[in-house]
Amino acid sequence: LSGERNFASLLKFSLPTIVMMVFMSLYGMVDGVFVSRLIGTDALSAVNIVYPIVSVVIAVGIMLATGGSAIIARKMGEGNSPEARQDFTLITIAGVVLGVFIPAACLLFLDPILRFLGASDVLYQLCREYAYYMVWFTIPAILQMLFQTFFITAGRPIIGMVLIIAAGITNIILDYVFIAICDMGIAGAALATGIGYCIPALFGLIYFATGINPNLHFVKPVWNGQVLRNACVNGS
């Protein structure tokens with residue numbers, strides 16, 4: 001990013017992110033096709049009723065990622081890389097903490113949440129089963145959103161793109177295996193999606209923990225409430 005910028009170079013840098021977002025939408029659509037064709041339209045309705053819970057989790061990840069990356073990238077640009085790495089580590093830990101709190105709250109109040117979202121008596125059991133399995137993958141879902149953005153901040157957008165494509169292909173394959181072959185129903189759909197989240201999350205943890213990227217990696221965190229507040233306000 002420190003080199004000369006023009007339209008072509010910016011497009012080349014942003015293209016992996018564009019492809020990544022399009023692919024995420026596509027494999028979400030394919031996921032819906034598997035559920036509706038192999039389980040039934042009631043199951044697809046249940047997935048859509050529960051999806052606001054998933055959306056909140058994704059929104060939390062995007063909030064921390066976009067707000068945090070702005071802070072981290074600014075400090076990197078100012079030449080303050082040590083503090084940028086501390087903030088990066090702190091924001092990642094904050095994502096993990098929220099990834100523990102959100103499913104705990106959801107499991108504690110799952111029944112009233114599902115009723116509030118509109119789960120009828122006919123769909124309630126399907127909604128409950130799908131939501132129960134999905135909330136266990138809250139931490140990987142948040143980390144996936146974090147690392148997607150932080151790979152760009154670290155100057156490696158292609159890695160994020162490849163990981164999302166790998167996660168999508170894994171989700172599609174496991175949808176067929178769990179639903180069509182193993183006959184796991186809507187629980188299989190949730191597990192396939194959750195395992196897909198784990199691929200970018202685990203790879204990102206390993207990548208940033210090993211220090212492969214000299215610009216951005218995990219270090220000993222330093223508590224800074226101002227950084228977390230600014231990341232949340234900016235990202236929201």
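The values are calculated or read from the model by the stated rules, or taken from the named source; none is laboratory data. On a predicted model such as this, the values are computed, not experimentally measured, just so you know. Positions of Cβ are backbone-derived with ideal geometry, glycine not excepted, and every protein chain shown enters the neighbour counts. Note: accessible area is taken over every heavy atom of the protein model, side chains too, but ligands, DNA and RNA are not part of it. Shrake-Rupley method; radii C 1.70, N 1.55, O 1.52, S 1.80 Å.
Every condition in (1) more than 28 Å from Phe13 (Cβ to Cβ); (2) modelled with pLDDT under 95; (3) surrounded by fewer than 22 Cβ atoms within 10 Å (Cβ to Cβ) is met by Ala192 except one, and the failing one is (3). Could you list, in sequence order, the residues of the stretch 146-160 that are of a type in the set (A, V, I, L, M) and not in a helix (DSSP H, G or I)? Selection gives Ala154 alone.
Could you identify the single residue in Val35, Val50 that is within 20 Å of Met184 (Cα to Cα) and touching a Phe, Trp or Tyr at 6+ places or on another chain (Cβ under 6 Å)? None of the other options fit; the residue is Val50.
Of note, Gly61 satisfies the criterion of being open to solvent by less than 10 Å² (accessible area, probe 1.4 Å) and either at pLDDT below 95 or over 26 Å from Ala166 (Cα atoms) (or both). The single condition among (1) open to solvent by less than 60 Å² (accessible area, probe 1.4 Å); (2) farther than 22 Å from Phe218 by Cβ that Gly95 does not meet is (2). Tell me, yes or no, whether the stretch 112-131 has at least one residue that is under 15 Å from Ala59 (Cα atoms) and outside any helix (DSSP H, G or I). Checking the stretch 112-131: not a single residue is under 15 Å from Ala59 (Cα atoms) and outside any helix (DSSP H, G or I). Ser25 passes every criterion in (1) of a type in the set (Ser, Thr, Tyr); (2) crowded, with 17+ Cβ neighbours inside 10 Å; (3) closer than 20 Å to Phe137 by Cβ apart from (2).
Would you confirm, using the coordinates I've provided, whether Ile164 is modelled with pLDDT under 90, in a helix (DSSP H, G or I) and either buried (at least 17 other Cβ atoms within 10 Å of the Cβ) or in contact with a helix residue (DSSP H, G or I) (Cβ under 9 Å, 6 or more places away or on another chain) (or both)? Taking the combined requirement at face value, the residue satisfies it.
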